[in-house]
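Data block below; observations after.
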Amino acid sequence: MTMLPIKKYLIYFFFLLPFFGYAEDGSQLWLRYKPVDAQTQKQRHIRLQDKHETALLAKQELDSYWRGPSIEMHLDKKAKRLKEGYQIKGDTSAVYLTAAEPIGLLYGAYHLLRLQETKADMRHLYIEEIPDYDIRILNHWDNLDRTVERGYAGYSLWRWEELPHKLSPRYEEYARANASIGINATVLNNVNASPQILTGDYIQKVKALADIFRKYGIRVYLSANFSSPKVLDGLADSDPLRKEVQDWWKVKVKEIYQHIPDFGGFLVKANSEGQPGPQDYGRTHADGANMLADALKPYGGLVMWRAFVYNPTEEDRAKQAYQEFVPLDGEFRDNVIIQIKNGPVDFQPREPFTPLFGAMKHTAQMIEFQITQEYLGFSNHLAYLAPLFKETLDADTYSEGKGSTVARVTDGSMFRGEKTAVSAVANIGEDTNWTGHHFAQANWYAFGRLAWNHQLSSEDIANEWIRQTFTNAVDFVTPVRQMMMDSREAVVDYMMPLGLHHIFAFDHHYGPEPWGDRKGGRPDWMPWYYHNADTIGLGFDRTATGSNAVSQYYPPLDSIYGGINSCPESLLLWFHHVPWTHTMKNGRTLWDELCIHYDRGVQQVRGFQKTWDKLQAHVDQQRFLEVQSKLKIQSKDAVWWKDACLLYFQTFSKMPIPYDLERPV
Ligand code: GCW
């Protein structure tokens, strides 16, 4: 039979496509399953009795993409211990997927597809997965005008002006991506919250999103502005102990639940960086949180109350959250969770864990990570954050003796609250590739995977992500995984090694400004406040001779951090003001060591460029070039950081840059 010419050309076209470097924009994230053909669909069966929309979705995903043996899906309400998890048993002839909840079937379906896409050995499957945290939640810092605070991937995904009537297809894609990694909740709006979000009009818009997300097991939460009663309805004030204010919240919460029956609750930033809160009326954080908790309680809603509080006082900023919150331990309702940033200052490239973790033994606590790279080069720098997240999760607080890791303090294994949760500030925006940098997708992915199972290793998560997002070719996977694993430490090295922190240019937090003005503005927003460079040395004295922040850590950490020789060198300048000539563990002076770290960071990024350049054959043209250009920016920025910081600090140290390092230009 002769082929029609047009068909022939089509075949050539598809055959040659990879060599032309076809458009590949990153919009598919790690979800690149190829539809199975009709033949395969006939040969194997995906069986399911249940008719729940989420269970049907699980079946549909497997029907469309599963290439393995037939699957029997089973909902077993008695298997409660699985929570939202699942059990998979199987071999080459059949697979059995069991869950207690419909969402467990969906998570199980994505697990199977992940195994398939990463070419895992599936000859004998016996898997049981139960999530470590009940609530795995993204925080969007999205404003209602669609700008995103600290967002570097374009405008907000939420097209408020079109909602609820027009629904972007990306809402569902977003929900699917989250479900595929186990994320089950989202806060739609910025913690610097506009009261508007609680108006009737916006509740309709929020409902439209909640209706799409529900099928994917995702509950919607909102950031609430504490002054809402006053601003929206003209109440005299928003004092949490006044009945009229309490009633206002009860009515508002009822209205929300009428439209969104599975509404999750409120996230609140109160009395922090100018936001209103209970202290405006002489009340405590507990008074404020409890008022909201009481309004939400009848519907099963939660309050996530942030501990990110500090004021420009004489007190060390790093100590203030602990000082404000520890005295309130035990005073919060059981549907309040205190949301604590991983570090005591603010999402720096490296910080010790916040000492509040484990210090409030009668109050539920959750971690807030930051996926968006406010302090790690925006979406210009490649920085794989799983190692940063793990560093906090694995840190031992010693709150109940050895082994009291931040993960265990928050996941319910040590202290039991009504619900356990873990959160992170999203890096998602309207950009075609969702996150600005192709590799920033890995940070969204890694957060979801760790929220599900905090024992996973950063390497394994990177491995999964690379194989699903790019290719299974080992020649690609191995060097890219290494680059990812090295990337966060490289950022620390070229920006703020050895425990330096917050020496960013004022407010935008992209480039260096260690010389930041000492007199004008809030002292606690000035880099000098943090690095304290002088002719003697560098660093923040947080020992007993300084702010004594070390005393907020349980023994033996207080003395480990407090001793200049016992403190881990990666945190040395966080806890100590160290003489330039101090001898480091390897025998070098502090000054030389500082120079070497800055230089090493630069060299590492150059190494990433070389690694990436060699991988062109494995990557589509578009993503290859886009990552290549971002690495160019990162490489220049690394030199900028190194030169700026070393030349500035040298005006104090008056010591030469070691001769074998690259000179500032
Ligand atoms: O670090 C600061 C950010 C602010 C942010 C604040 C917070 C949402 O620079 O942009 O405001 O943290 O976490 O509340």
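Could you figure out which of (1) more than 21 Å from PRO344 (Cβ to Cβ); (2) within 16 Å of the ligand (Cβ to nearest atom); (3) surrounded by 13 or more Cβ atoms within 10 Å (Cβ to Cβ) isn't true of PRO512?
(2)
Would you be able to say whether some residue in the stretch 256-264 is over 18 Å from VAL220 (Cβ atoms), more than 16 Å from the ligand (Cβ to nearest atom) and either at pLDDT below 95 or out of contact with any Cys (no Cβ under 7 Å at 6 or more places or on another chain) (or both)?
No, that holds for no residue.
Which residues, counting only those in the stretch 228-253, are under 19 Å from GLN204 (Cβ atoms) and touching a residue at least 40 places away in the same chain (Cβ under 8 Å)? Before the answer, list the steps.
At the first step, the residues of the stretch 228-253 found to be under 19 Å from GLN204 (Cβ atoms) are 228, 232-233, 251-253.
Matches in the stretch 228-253: LYS252, VAL253.
Find the residue count for the stretch 529-578, including only residues that are within 27 Å of the chain's Cα centre (by Cα), over 24 Å from GLN650 (Cα atoms) and in a helix (DSSP H, G or I).
Residues that pass the stated criteria total 5.
Among the listed residues PRO312, PRO278, which satisfies the condition of being more than 26 Å from the chain's Cα centre (by Cα) and either modelled with pLDDT under 95 or not assigned by TED's automatic domain parsing to the domain that holds VAL191 (or both)? Even if it seems obvious, please write down each step before you answer.
On the way: PRO278 fails: either modelled with pLDDT under 95 or not assigned by TED's automatic domain parsing to the domain that holds VAL191 (or both).
It is PRO312.
Of all residues in the stretch 31-49, which are buried (at least 16 other Cβ atoms within 10 Å of the Cβ) and either among the acidic types (Asp, Glu) or not in a loop (DSSP other than H, G, I, E, B) (or both)?
If we filter the stretch 31-49 for residues that are buried (at least 16 other Cβ atoms within 10 Å of the Cβ), which is where we start, we get 31, 33, 36, 44, 46, 48.
Correct list: ILE46, LEU48.
Going by the structure shown, is ASP558 outside the structural domain of GLN348 (by TED's automatic domain parsing) and free of Cβ contacts under 8 Å to residues at least 60 places away in the same chain? Full working, then the answer.
On the way: outside the structural domain of GLN348 (by TED's automatic domain parsing): yes; free of Cβ contacts under 8 Å to residues at least 60 places away in the same chain: yes.
In short, yes.
Just one of the numbered conditions (1) closer than 21 Å to GLU374 by Cα; (2) buried (at least 24 other Cβ atoms within 10 Å of the Cβ) is not true of VAL480; which one?
(1)
Within the stretch 521-530, is even one residue among the basic types (Lys, Arg) and away from the ligand (no atom under 16 Å from the Cβ)?
Quick first cut of the stretch 521-530, residues among the basic types (Lys, Arg) only: 522.
Subset that is away from the ligand (no atom under 16 Å from the Cβ): none.
Scanning the stretch 521-530, I find no residue that is among the basic types (Lys, Arg) and away from the ligand (no atom under 16 Å from the Cβ), so the answer is no.
Each row is one residue, and each column tells you yes or no for (1) without any contact (Cβ under 8 Å) to a residue 40 or more places away in the chain; (2) within 16 Å of the ligand (Cβ to nearest atom); (3) among the hydrophobic types (A, V, I, L, M, F, W, C).
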| site | (1), (2), (3) |
| --- | --- |
| ALA286 | no, no, yes |
| LEU292 | no, no, yes |
| TYR299 | no, no, no |
| TRP305 | yes, yes, yes |
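What pairs come up if the first residue lies in the stretch 53-72 and is assigned by TED's automatic domain parsing to the domain that holds ARG123, the second is part of a helix (DSSP H, G or I) and of a type in the set (Val, Ile, Thr), and their beta carbons are under 9 Å apart, counting only those six or more places apart or on different chains?
Once the first residue is assigned by TED's automatic domain parsing to the domain that holds ARG123 and sits in the stretch 53-72, its partners that are part of a helix (DSSP H, G or I) and of a type in the set (Val, Ile, Thr) give THR54/ILE103; ALA55/ILE103; ALA58/ILE103; TRP66/THR40; ARG67/THR40.
Can you work out which of the residues in the stretch 307-320 that are within 16 Å of the ligand (Cβ to nearest atom) and in a loop (DSSP other than H, G, I, E, B) is surrounded by the most Cβ atoms within 10 Å (Cβ to Cβ)?
Taking the stretch 307-320 as the starting set, the residues that turn out to be within 16 Å of the ligand (Cβ to nearest atom) are 307-312, 317-318, 320.
Now drop any that are not in a loop (DSSP other than H, G, I, E, B), which leaves 307-312.
Working: ALA307: 23, PHE308: 21, VAL309: 20, TYR310: 20, ASN311: 13, PRO312: 12.
Per the criteria, the residue is ALA307.
Do you know which residues across the stretch 270-284 are within 16 Å of the ligand (Cβ to nearest atom) and either closer than 15 Å to LYS243 by Cα or in contact with a strand residue (DSSP E or B) (Cβ under 9 Å, 6 or more places away or on another chain) (or both)?
ALA270, SER272, GLN275, GLY277
Condition first: of a type in the set (A, V, I, L, M, F, W, C) and more than 16 Å from the ligand (Cβ to nearest atom). Can you find one or more residues in the stretch 340-355 that meet it? If you could, list the steps in order and put the result at the bottom.
Step one: list which residues in the stretch 340-355 are of a type in the set (A, V, I, L, M, F, W, C), which gives 340, 345, 347, 353.
So of that shortlist, the ones also more than 16 Å from the ligand (Cβ to nearest atom) come out as 353.
Yes - at least one qualifying residue is present in the stretch 340-355.
Within the stretch 132-188, which residues are surrounded by fewer than 20 Cβ atoms within 10 Å (Cβ to Cβ), among the aliphatic types (A, V, I, L, M) and in contact with a Phe, Trp or Tyr (Cβ under 7 Å, 6 or more places away or on another chain)?
LEU144
Somewhere in the stretch 322-340, is a residue among the aromatic types (Phe, Trp, Tyr), over 27 Å from PHE504 (Cα atoms) and assigned by TED's automatic domain parsing to the domain that holds PHE447?
Kept after step one, since they are among the aromatic types (Phe, Trp, Tyr), are these residues of the stretch 322-340: 322, 325, 332.
Going one step further and asking which of them are over 27 Å from PHE504 (Cα atoms), we end up with 325, 332.
Now narrow it down to the ones that are assigned by TED's automatic domain parsing to the domain that holds PHE447: 325, 332.
Within the stretch 322-340 (the criterion being among the aromatic types (Phe, Trp, Tyr), over 27 Å from PHE504 (Cα atoms) and assigned by TED's automatic domain parsing to the domain that holds PHE447), the answer is yes, since at least one residue qualifies.
Please go through the stretch 384-405 and give me each residue that is within 12 Å of the chain's Cα centre (by Cα) and either part of a loop (DSSP other than H, G, I, E, B) or of a type in the set (A, V, I, L, M) (or both), ordered by number.
Within the stretch 384-405, TYR384, LEU385, ALA386, LEU388 qualify.
Just checking: which of the helices (runs of 4 or more DSSP H) contained wholly in the stretch 415-496 hold 2 or more residues that are touching a Lys or Arg at 6+ places or on another chain (Cβ under 9 Å) and without any contact (Cβ under 8 Å) to a residue 40 or more places away in the chain? Give the steps one after another, and end with the answer.
On the way: elements: 441-452, 458-469, 474-495.
Answer list for the stretch 415-496: 458-469.
Would you call HIS381 assigned to a loop (DSSP other than H, G, I, E, B), crowded, with 24+ Cβ neighbours inside 10 Å and away from the ligand (no atom under 16 Å from the Cβ)?
Against the criterion (assigned to a loop (DSSP other than H, G, I, E, B), crowded, with 24+ Cβ neighbours inside 10 Å and away from the ligand (no atom under 16 Å from the Cβ)), HIS381 qualifies.
Give me a count of the residues in the stretch 137-164 that are acidic (Asp, Glu), assigned to a loop (DSSP other than H, G, I, E, B) and within 12 Å of the ligand (Cβ to nearest atom).
Of the stretch 137-164, the ones acidic (Asp, Glu) are 142, 145, 149, 161-162.
Then drop every residue that is not assigned to a loop (DSSP other than H, G, I, E, B), which leaves 145, 149, 161-162.
Then drop every residue that is not within 12 Å of the ligand (Cβ to nearest atom), which leaves 149.
Qualifying residue count for the region: 1.
With within 16 Å of the ligand (Cβ to nearest atom), surrounded by fewer than 23 Cβ atoms within 10 Å (Cβ to Cβ) and either in contact (Cβ under 8 Å) with a residue 40 or more places away in the chain or of a type in the set (Val, Ile, Thr) (or both) as the only criterion, which of SER194, SER223 stands out? Let's see the steps before the verdict.
On the way: SER223 fails: surrounded by fewer than 23 Cβ atoms within 10 Å (Cβ to Cβ).
From the options SER194, SER223, the qualifying one is SER194.
Quick check on PHE470: is it at pLDDT 95 or above and closer than 21 Å to THR313 by Cβ? Explain how you work it out, then say what you get.
Numbers: at pLDDT 95 or above: yes; closer than 21 Å to THR313 by Cβ: no.
No.
The values are calculated or read from the model by the stated rules, or taken from the named source; none is laboratory data. All values reported here derive from a predicted model rather than from experimental measurement. Using ideal geometry, Cβ is built from the backbone for each residue, glycine included, and neighbour counts are taken over all protein chains shown.
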